[in-house]
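The values are calculated or read from the model by the stated rules, or taken from the named source; none is laboratory data. Everything numeric here is computed off the predicted structure, so don't read it as measured data. All Cβ positions, glycine included, derive from the backbone under ideal geometry; neighbour counts span all protein chains shown.
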Amino acid sequence: MINQQEQIIMPKSLKDLRPVYVVGVGWHRYQRLSGTPYVSLGLHAIRQSLADAGIAWTDVESSYMGTGYLGMAPGLPMLRYLGATGRHLVHVENASASGSAAFRHACIEVAAGMADVALAVGVDKPETTRHPVTGLSSLANDAIAFFTHYALLMDQYAQEHGAKPEDIALVAVKNLYNGSLNPNAHRQEERSLDEILNGRKLSGWLTPLQCCPVGEGAAAVIVASEDAIKRLSIDPDRAIRVAASAACSERSGLDWPVDVALTQVTMADALQQAGLKPQNVDVLEVHDAFTIEEVQYAESLGFCKPGEAVHLLKEGAFNIGGKMAVSPSGGLIAMGHPVGPTGVGQIGEITMQLRGEAGLRQHKGAKVGLAHMIGNGPMCYAHILQKP
């Protein structure tokens, strides 16, 4: 029995537990909806991650699958093609942050010593949009779309900081260039500023190339303990430490817009866990479903003051090879946003960067990377990876 006067102190960060490392990464290219079954998408990414780690499927002790649109328990018919091992499987649905949540819980299980090797996989084919039926009416149900919300944010940011449409559209110029270097990206074509700005207006300044494409795809990451790395003869020089995992959901008292306020809180928590400062981050992958998000989230990190991100963007500070490479994968704008895989894919990109294996996208000397993901506004995740 526990004395009621005794306090139970629970660890608040991964650093309070045993070390966790990313040892394998894999993708199926993000792409337009096709006739490819989701099972094939997911298996391709998982097999690639196993090969990257140099381990067998039977070495994986636990699996977490992030998905937003596939219905009940889609991992069961997918994973049985690898072999029915009877190991632990959890399905995670958390909107755009489904993959990030799957990765977080895989890390926690390994860090807690309940497994030595765990898989986090995201896979999706978002053919329809499903919203929960709450039974409560809203005056804005048919009036406000996602892009309208972000068009309003662009307008507010421009008025407060004197930014122009072409300033914020530079996010798309940069990320579409990065995507042209990424064989796993949905969009692989570089576009000029004029091409981006002259597209049809969806809402306010927003044009299609300033919004993320939502298609299909898969991403997989394998995490392991130090014991597993030694036992399975995994190359320790390619193992990347998960230094922090932070998560936050909507709460009262936050300033509008909530996703920006949540980002600031969650990123600060992750940095504190890892004992790092914003200036220590070499690679930042953010939830840039719309161009304005990258600008606001870079400022939320604390890398620069409010209103300064646009100026740094224009100077090339967020380019690959700049002060901090922001979304070298191409971000959601170019890499794409198939929902379930998105957060897992961010972890994979940062792992490649910290290993020095990102090829033409390589940010020289990268040692610290931060992955940020928003889930439908009220949820936020931040993970910091660090080269040992």
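Conditions (1) closer than 27 Å to VAL265 by Cβ; (2) assigned by TED's automatic domain parsing to the domain that holds PRO19; (3) out of contact with any helix residue (DSSP H, G or I) (no Cβ under 9 Å at 6 or more places or on another chain), marked per residue:
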| site | (1), (2), (3) |
| --- | --- |
| MET335 | yes, no, no |
| ILE350 | yes, no, yes |
| ALA358 | no, no, no |
| LYS364 | no, no, yes |
| GLY369 | yes, no, no |
| MET373 | yes, no, no |
| PRO378 | yes, no, no |
| TYR381 | yes, no, no |
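Put simply, of SER137, SER180 the only residue that is at pLDDT 95 or above, out of contact with any Phe, Trp or Tyr (no Cβ under 9 Å at 6 or more places or on another chain) and among the small types (Gly, Ala, Ser) is SER180.
Under the condition of being surrounded by fewer than 21 Cβ atoms within 10 Å (Cβ to Cβ) and modelled with pLDDT of 90 or more, the residues counted in the stretch 249-281 number 12. Checking the stated criteria, SER34 turns out to be in a loop (DSSP other than H, G, I, E, B), of a type outside the set (A, V, I, L, M, F, W, C) and in contact (Cβ under 8 Å) with a residue 60 or more places away in the chain.
Report yes if THR351 is β-branched (Val, Ile, Thr), crowded, with 22+ Cβ neighbours inside 10 Å, modelled with pLDDT of 95 or more and in contact with a Ser or Thr (Cβ under 8 Å, 6 or more places away or on another chain), otherwise no. The answer is no for THR351.
Within the stretch 27-38, the presence of at least one residue that is closer than 26 Å to ALA243 by Cα and under 23 Å from the mean Cα position of the chain (by Cα) is confirmed. Residues in the stretch 177-198 that are of a type in the set (S, T, N, Q) and part of a loop (DSSP other than H, G, I, E, B): ASN182, ASN184, GLN188, SER192, ASN198.
When GLY68 is tested against (1) in contact with a strand residue (DSSP E or B) (Cβ under 7 Å, 6 or more places away or on another chain); (2) over 28 Å from LEU332 (Cα atoms), just one condition goes unmet, and that condition is (2). Among the numbered conditions (1) under 29 Å from GLU189 (Cα atoms); (2) surrounded by 23 or more Cβ atoms within 10 Å (Cβ to Cβ), the only one that GLY215 does not meet is (2).
Looking at LYS174, LYS201, which is the one that is part of a helix (DSSP H, G or I), closer than 18 Å to ALA289 by Cα, out of contact with any Pro (no Cβ under 7 Å at 6 or more places or on another chain) and charged (D, E, K, R)? If you could, list the steps in order and put the result at the bottom.
Details: LYS201 fails: part of a helix (DSSP H, G or I).
Going through LYS174, LYS201 in turn, just one is part of a helix (DSSP H, G or I), closer than 18 Å to ALA289 by Cα, out of contact with any Pro (no Cβ under 7 Å at 6 or more places or on another chain) and charged (D, E, K, R): LYS174.
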